[in-house]
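See below for the structure under consideration.
The values are calculated or read from the model by the stated rules, or taken from the named source; none is laboratory data. Bear in mind that the values here come from a model prediction, so they are computed numbers and not experimental data. Here Cβ is always computed from backbone atoms with ideal geometry, including for glycine, and neighbour counts include all displayed protein chains. Accessible surface areas use protein heavy atoms only, side chains included; no ligands, DNA or RNA. Shrake-Rupley method; radii C 1.70, N 1.55, O 1.52, S 1.80 Å.
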Amino acid sequence: MIRALALGAIAVAVFLGVASVAGRPLMPYLHARSMPAAKVDWALSHFPDTNLIAIGPSYIHMGFDPVAFDEAMAAKGRTVHSFNMGIDGLSLPEMQALVEDLFEKKPCCIRYVIVSPCFECLHVGQIPDSARSVAFFDGRRGVDFLRYVWLYDQLPDQSVGRTDYLRNVASAVVRHHTSLGVAANRFGFAQFQGQTSPDLTADTYWARRPRGFEPVDHEMTGADARRYENGLDAFAKTRADALQRLDAGRDDAAAGLVSERMFDVFLRLVASLRSKGAAVLVVMPPNERQWQYHAAFIARLRRCCASDIALADFGDALRWRDLFVPASIRYDDEHMNVKGAAIWSRALADRVAGWISDLH
Amino acid sequence: MIFTDAKFFLFFPLTFAVYWWLGDNRSRKQWLLLCSILFYAAWDWRFLGVVLAVILNTYFVTRLVGEWAPERWRGRILAAGIAISLGALGFFKYYNFFADSLARVTPVSLGMREIVLPIGISFYTFHSISYMVDAYQRKIAPAREFVDVALYILFFPQLVAGPIVRATDLLPQMRESRSIASVHFKYQLTLFLIGYFKKAVISDNLSPAIDRFFAHPASFGAGDAATAIVFYSVQIYCDFSGYTDMAIAIAGMLGYQLKPNFAHPYLAPNLNEFWRRWHMSLTSWFRDYVYFPLSLTGVMRGRWPLVLLLTFLVTGLWHGASWTFVFWGGLHGLGLIVHRLWQRGRESRYSIAGNVLTFAFVCFAWVFFRAPDFAAAAAVLGRFAAPGLPTIVAWPPAALMLTAMIAVHAAAYRLDLSSALARTDDFVFAAGYGAAAALVLPFVNVAVKPFIYFQF
C-alpha cells in the first residue's frame, strides 16, 4: 500500500512538473497573441500617426468607421487620424489593460479617446480556452477581474454565475503561468469550452480591417426588420422614461445595474487616460439591447461628473432616429452594418468636432 | 459518462477503491453491479427497465435450458428467449427503419414512432443471446447467482460499446476470487493511456476536418476526398480500438481479463485477415451464432458464398438501421467471397500490395458507413472526379503525422507490451507515466465527443 502510494506520488509529481514546463511549448494558444494585443501592435506599426482612438465592444468594432469619421472631421476643419480599437465583448478590465498596453508602447500623441464602456461585457471570463483569455489573465488581472465581477449586483448573463467566472478565471490564470490548467480544461473542469483556435492575427485578417473597423454587409430584413422598426418608438419612450426616473433617483433597482463601485472602475479608466494626456469623450451607442445598463451608467455619469466628463448619448432614439432606422442600416438591434457605421461615424464626427472645439 | 469524461475520473477511482477494499468476491460482485447500474443510469436511467428485462430473460432461459427444462422443450425455450432479446433490439433499433422501408415498397404503413435507442442495446442483447445459446449447447453451466448474470450483462467496462464478451469467458472469472497482487497495473495503466490517446487525441482531433468534408463534399476536390476518407478510417479505428483498450484496461484493473478486440487490422494483407483483426469479438459472434448455424441448415448447406453474404448483410444491419450500413456489410461480404475464390489453392502470405489494396477497399467501404445516405455517399465518391489538392488540413504536417502513425502502428505489431512493462522498474514506470500523461493532455481535443460505436 505504501509502495503504491509512493509510486502514485511520483507519477503525480512528474506529471505536474512536466505539465508546467514542457507543456507550455506544446500549447498552441500561448504562441498566439490575443486580439487586443494584436490590434494595438497593428495600429502602432501601420498607423503611427494615430491621434484618436475609439474603444469599446462589438458595437464600436462594427460601428466606428475611421475613414468616414476622419473625412467628416476634415470637412469641419479638424484633422484627426483615428483608429478603431473596438474588440468584441471588451470588458472594462480589458479596456484598462488595452490602454495601458497602448500608452506603454506609444507614450505620446494619442490625444483623444472615445470610450464606450460595456458593463454588460464579461466575455473574457467565459472563454477560458482561448488565446485572449489565457493571454489576459495573469495572476493580478485574474484577481482584479474577479473583484470586478463581484461588484455586480446582477450579472449580465444569468446562465453564468460567479462560481463559473471563478472557475474559468482560475483555469485561465493557471494556464497563463503554466500549462497545468490544460489538464483541468481537458477534463472538462472549466464550464465553457469557448474558442479552441487562436485569434486571427494574420496580415490577411487585417487587410480587410486596416484601421480596425469591422465592415459588416448584412442588413436586417423581413419580419425581424419590421418588428424592430415597429417597436422603435416604444423603445425610445421606455428608455427616456427610465432615464427620467434614474435621474430623479426613483429607481434604485435599475440604478443598481451599474453600482457606484462599478462606476468607480470606469472613473479610474478615465483618470488613467487623462494622466497620459488624452481627452476622453464617452459615447453611448445607438443600441436597443442591454439599454438598461446604458441608462444606469448615463444617470450615474450625469449625477457625478456631467460637467467634467463629456457624454454623447446616441442611444436616445427620439433624437437620433436616423441611426436606428431604416433597419437596412443595421446588422441587428445592437450593431450597425457598414452603411450604418458610415452614418453614425459622421454623426459622431459632428459631435467630436464640437467637443474638441470646447476643449481648446 | 464516457471514459474520457471528467465524471469518469471520479467514478472509477471510487469504484476501484471500494472494490478492492471489500474482502470477499460476493461483495465485490454486488458492488460492481451497483456501480454498473449507476454507470448505465448516468446515460439514461429510463432504459434500466429494458436492461433488467433482458437480464431476467437471460437468467431464466439459461436456467431452464441448462438445468430445469425437459429436453423436448429446450429448443422452444431457447427460441423464445432469443426472440425476446432480439425483440427488444428489433423494436428499439429497427422499428422505424423497417416501417419506413416497408412503406416505400408496399402500401403497408405501420407509422413512424418516436423511439429513443437505449445505449448499448446492440451489445448487451448479443451478450444475452450468446449466453443463452451456449447454455443450450451445454458449453457452460448456467450461473445460479442472479448477480452473476446481471453483472455479466451490465459489466460497465464493456456495457455500452463492447467488446462482446462471451459468458464462457467472463462467468468463470466471476466465480473466482482475485487479489490485487494479480493485477498487472503497469500494463493496464499503459493500455488505458494508449486508448485515451487514440480516442481523445487522434480520433477527436481528426473529427472536425472529416465532419467539414462530409457535411459539404461538393465544396471540396479529390485531394480532400481522399484525405477525409483516409482520416475517417484512422478516426474510426482509433475511436473504437481506443475505447476497447480503455475498457480492457479498466476491467483488468478490477481483475477481469477481456480478450483483445483489434489486432492491427490495417496491416492485414487481405480482407479475410482484416476481419480476423477488426472488431474480433463481433466477427467471432456472427461466425459462431449466425454463419455456422446458417451453414448447417438444409437449404444453405454447401452454399457458403450465400451464407457469407447474408452474414455480412446482417453484420452491416447490426451497425445501424440504414441501408447504407447494409450495403457496407454487403460490400465486405462480396469482397470476402471474391477473396476466398481467388485464394483457393494459393498460399496466404503478407504482401505490401495486398495490404494497400485491402486498405483501399476498406476505405472505399467506409464511405457508405460514414455517409448518412446513398446520395451523400455518391456525392463523396463523385469528388474524385474533381481534381484538387487537399485543403482541409495543412500538408505536409498532416503527411508527417500520418507517416508517424503508420510507423508506430507497424512497430507496435511486434511489441509485447505486457512483457516489456513487467521488466520495467516500478519507479521508472511511475515517472514515465506521469510524464507521458502530461505530454498527452495538451493535445486532447477540448470538446468531449461520444465514441462512434455508441450509436450502434
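On the given criteria, is residue A:75 on the phi < 0 side of the Ramachandran plot, at pLDDT below 90 and open to solvent by 20 Å² or more (accessible area, probe 1.4 Å)? In short, no.
Total residues in the stretch A:103-133 satisfying the condition of being under 19 Å from residue A:290 (Cβ atoms) and assigned to a helix (DSSP H, G or I): the figure is 3.
Every listed requirement among (1) surrounded by fewer than 17 Cβ atoms within 10 Å (Cβ to Cβ); (2) modelled with pLDDT of 90 or more; (3) within 14 Å of chain A (Cβ to nearest Cβ) is met by residue B:431 save one, (1). Can you find a residue that is out of contact with any strand residue (DSSP E or B) (no Cβ under 6 Å at 6 or more places or on another chain), surrounded by fewer than 19 Cβ atoms within 10 Å (Cβ to Cβ) and either in a loop (DSSP other than H, G, I, E, B) or in contact (Cβ under 8 Å) with a residue 12 or more places away in the chain (or both) anywhere in the stretch A:134-142? Yes, the conditions are met somewhere in the stretch A:134-142. When the helices (runs of 4 or more DSSP H) confined to the stretch B:278-397 are screened for residues that are open to solvent by less than 20 Å² (accessible area, probe 1.4 Å) and over 30 Å from residue B:79 (Cβ atoms), those reaching at least 2 such residues are found at B:323-343, B:352-370, B:374-382.
Evaluate the stretch A:140-149: report whether one residue or more is farther than 23 Å from residue A:297 by Cβ and in contact with a helix residue (DSSP H, G or I) (Cβ under 6 Å, 6 or more places away or on another chain). Yes, that holds for at least one residue. For residue B:146, indicate whether it is closer than 22 Å to residue B:42 by Cα, modelled with pLDDT of 90 or more and open to solvent by 10 Å² or more (accessible area, probe 1.4 Å). Against the criterion (closer than 22 Å to residue B:42 by Cα, modelled with pLDDT of 90 or more and open to solvent by 10 Å² or more (accessible area, probe 1.4 Å)), residue B:146 does not qualify.
Out of curiosity, is residue B:65 open to solvent by 30 Å² or more (accessible area, probe 1.4 Å) and aliphatic (A, V, I, L, M)? Answer is no for this residue. Determine if the stretch B:119-133 includes at least one residue that is of a type in the set (A, V, I, L, M, F, W, C), in contact with a Phe, Trp or Tyr (Cβ under 9 Å, 6 or more places away or on another chain) and surrounded by fewer than 14 Cβ atoms within 10 Å (Cβ to Cβ). Looking for residues that are of a type in the set (A, V, I, L, M, F, W, C), in contact with a Phe, Trp or Tyr (Cβ under 9 Å, 6 or more places away or on another chain) and surrounded by fewer than 14 Cβ atoms within 10 Å (Cβ to Cβ), one finds none in the stretch B:119-133, hence no.
If we scan the stretch B:73-91, do we find a residue that is over 19 Å from residue B:51 (Cα atoms) and buried (at least 16 other Cβ atoms within 10 Å of the Cβ)? Within the stretch B:73-91 (the criterion being over 19 Å from residue B:51 (Cα atoms) and buried (at least 16 other Cβ atoms within 10 Å of the Cβ)), the answer is yes, since at least one residue qualifies. Scanning the stretch B:9-33 for residues that are buried (at least 19 other Cβ atoms within 10 Å of the Cβ), under 16 Å from residue B:249 (Cα atoms) and among the hydrophobic types (A, V, I, L, M, F, W, C) yields a total of 2. Taking every residue in the stretch A:307-320 that is open to solvent by 50 Å² or more (accessible area, probe 1.4 Å) and pairing it with any residue that is part of a loop (DSSP other than H, G, I, E, B), at least 6 positions away or on another chain, the pairs with Cβ-Cβ distances below 7 Å are A:320/A:286; A:320/A:314. Note on the stretch B:384-428: among residues that are of a type in the set (D, E, K, R) and within 14 Å of another protein chain (Cβ to nearest Cβ), the one that is nearest to residue A:15 (Cα to Cα) is B:426.
Looking across the stretch A:218-246 at every residue that is in contact with a helix residue (DSSP H, G or I) (Cβ under 6 Å, 6 or more places away or on another chain) and not in a helix (DSSP H, G or I), the one that is most open to solvent (accessible area, probe 1.4 Å) is identified as A:219.
Among the helices (runs of 4 or more DSSP H) confined to the stretch B:1-91, the ones with at least 1 residues that are acidic (Asp, Glu) are located at B:25-44, B:71-89.
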